[in-house]
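What follows is a single structure, written as structure tokens, with notes after it.
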Amino acid sequence: MFEKDCEIKSNALILWANFIETGNPCMSANDAINCGEQKMIKSLDDYQRKFISRLRELSIKELNGQ
């Protein structure tokens, strides 16, 4: 499944962001919208939205080796 530590770290960051957004680590807010499950999306404050964005950015950086 995951061969490298960076893949594990990146996946963990994405799961964390998804959990904050929807309460389900396997579904992001965008996934929920695309599946017609908008009710799953949590109401977030500015700090939480920025934090989620940062988690997703860190996930990409982890995969790119930065």
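Rule-based calculations on the coordinates, nothing more; no lab input. As the structure is a prediction and not an experimental result, all values here were calculated from the model. Quick reminder, even Gly has a Cβ in these numbers, built from the backbone with ideal geometry, and neighbours come from all protein chains shown.
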**Asked** Any chance the stretch 1-12 includes a residue that's among the aliphatic types (A, V, I, L, M), touching a helix residue (DSSP H, G or I) at 6+ places or on another chain (Cβ under 7 Å) and surrounded by 12 or more Cβ atoms within 10 Å (Cβ to Cβ)?
**Response** no
**Item:** Neighbours by Cβ (under 9 Å, 6+ apart or cross-chain): first from the stretch 34-45, more than 14 Å from N24 (Cβ to Cβ); second surrounded by 10 or more Cβ atoms within 10 Å (Cβ to Cβ) and of a type in the set (F, W, Y)
**Value:** L44/F51
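Quick one: which residue in E7, E21, E57, E3 is of a type in the set (D, E, K, R) and in contact with a Ser or Thr (Cβ under 8 Å, 6 or more places away or on another chain)?
Working: E7 fails: in contact with a Ser or Thr (Cβ under 8 Å, 6 or more places away or on another chain); E57 fails: in contact with a Ser or Thr (Cβ under 8 Å, 6 or more places away or on another chain); E3 fails: in contact with a Ser or Thr (Cβ under 8 Å, 6 or more places away or on another chain).
One residue alone meets the criteria, E21.
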**Hits in the stretch 1-27 (condition: over 19 Å from L63 (Cα atoms) and among the polar types (S, T, N, Q))** = T22, N24
**Request:** Report whether or not E62 is surrounded by 16 or more Cβ atoms within 10 Å (Cβ to Cβ), touching a Cys at 6+ places or on another chain (Cβ under 8 Å), without any contact (Cβ under 8 Å) to a residue 60 or more places away in the chain and assigned to a helix (DSSP H, G or I).
**Result:** yes
